[in-house]
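The structure appears right after this line, and notes come after that.
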Amino acid sequence: MLKTNHQETRLQEIETKISFQEQLLEALNEALTGQQKQLDNLQRSLARMSNQLAAPHAEIKSPEEETPPPHY
C-alpha cells in the first residue's frame, strides 16, 4: 500500500509539472507570436524608409520648383 501511495504522489507531481509546462509553453508561444508581428512591422517600416532614402529626389523639389520664402 505504501508503494502505491508513493506512486500516486509521484504521478500527481508529474501531472502538475506537465500542466505548468503546458501553460509556460502557451505563454512563450504568445510572446513569440507578438514579437514576430513586431518584427514584421519593423521590417516593413525599414523597407519604406530605405525606399525613401534611395529616391530622395522624389521628395525634394528643385530650386526652380520651390516657392520663395515669404520674406522675399
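The values are calculated or read from the model by the stated rules, or taken from the named source; none is laboratory data. In this text, all values refer to a predicted model and were calculated from it rather than measured experimentally. Counting neighbours? That spans all protein chains shown, and the Cβs are built from the backbone with ideal geometry, glycine included.
Residues in segment 4-21: is at least one loosely packed, with under 10 Cβ neighbours inside 10 Å and either part of a loop (DSSP other than H, G, I, E, B) or modelled with pLDDT under 95 (or both)? Yes, because at least one residue in segment 4-21 is loosely packed, with under 10 Cβ neighbours inside 10 Å and either part of a loop (DSSP other than H, G, I, E, B) or modelled with pLDDT under 95 (or both).
Of the residues that make up segment 53-63, is at least one under 29 Å from the mean Cα position of the chain (by Cα), at negative phi, part of a helix (DSSP H, G or I) and not small (G, A, S)? Yes, segment 53-63 contains a residue that is under 29 Å from the mean Cα position of the chain (by Cα), at negative phi, part of a helix (DSSP H, G or I) and not small (G, A, S).
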